[in-house]
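S.K.: Pasting a structure here, questions to come.
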Amino acid sequence: QVQLVESGGGTVQAGGSLRLSCAASGTTFNINVIGWYRQAPGKQRELVAQFDSGGRRNYADSVKGRFTISRDTAKNTVYLQMNSLKPEDTAVYYCNALTTIRDYWGKGTLVTVSS
């Protein structure tokens with residue numbers, strides 16, 4: 001089992017920055033892919049950024065150049081640095097971890113960007 005706990009959400013003005021954290025615990029050695037998804041009101045959940053099974057960073061086109069995913073393996077924590085935030089970035093951000101058996105989700109953290 002893997003547990004994921006997100007933090008760092010909040011309200012920020014357009015152009016501002018936030019850093020999200022995802023702390024993983026449990027059988028973290030089984031994690032192959034880990035990253036961030038988001039879901040805006042009335043929209044489907046979408047991939048924002050992730051480390052793939054080869055450790056490469058993948059980003060949604062809409063956040064390239066503005067968001068950066070990073071991790072601290074000693075702390076089992078993944079971060080999402082979000083700069084130049086736009087109102088359309090408003091969403092609940094979820095941490096996701098994929099193992100060979102199943103994927104796991106955190107409860108999410110709300111990011112609101114005001115114009």
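The values are calculated or read from the model by the stated rules, or taken from the named source; none is laboratory data. What you see is a predicted model; the values in this text were computed from it and never measured. For neighbour counting, all protein chains shown are included, and Cβ atoms are generated from backbone atoms with ideal geometry for every residue, glycine included. To get the accessible areas, we keep the full protein, side chains included, count just its heavy atoms, and leave off ligands, DNA and RNA. Shrake-Rupley method; radii C 1.70, N 1.55, O 1.52, S 1.80 Å.
S.K.: Of all residues in the range 1-54, how many are within 11 Å of Ala97 (Cα to Cα) and acidic (Asp, Glu)?
M.R.: Of the residues in the range 1-54, 1 are within 11 Å of Ala97 (Cα to Cα) and acidic (Asp, Glu).
S.K.: If I filter the range 51-61 down to residues being within 14 Å of the chain's Cα centre (by Cα) and open to solvent by 30 Å² or more (accessible area, probe 1.4 Å), which single residue comes out as nearest to Gly16 (Cα to Cα)?
M.R.: Among them, the one singled out is Tyr59.
S.K.: Quickly run through the range 80-108 and pick out the residues that are open to solvent by 30 Å² or more (accessible area, probe 1.4 Å) and either among the hydrophobic types (A, V, I, L, M, F, W, C) or part of a strand (DSSP E or B) (or both).
M.R.: Listed by number, the residues that qualify are Gln81, Val92, Tyr94, Leu98, Ile101, Asp103, Trp105.
S.K.: For Val111, only one of the following conditions fails: (1) assigned to a loop (DSSP other than H, G, I, E, B); (2) touching a Gly at 6+ places or on another chain (Cβ under 6 Å). What is its number?
M.R.: Result: Val111 fails condition (1) only.
S.K.: If I ask for residues that are open to solvent by 30 Å² or more (accessible area, probe 1.4 Å), within 14 Å of the chain's Cα centre (by Cα), closer than 21 Å to Ser84 by Cβ and charged (D, E, K, R), which ones from the range 5-50 would you list?
M.R.: Those that are open to solvent by 30 Å² or more (accessible area, probe 1.4 Å), within 14 Å of the chain's Cα centre (by Cα), closer than 21 Å to Ser84 by Cβ and charged (D, E, K, R): Arg19, Glu46.
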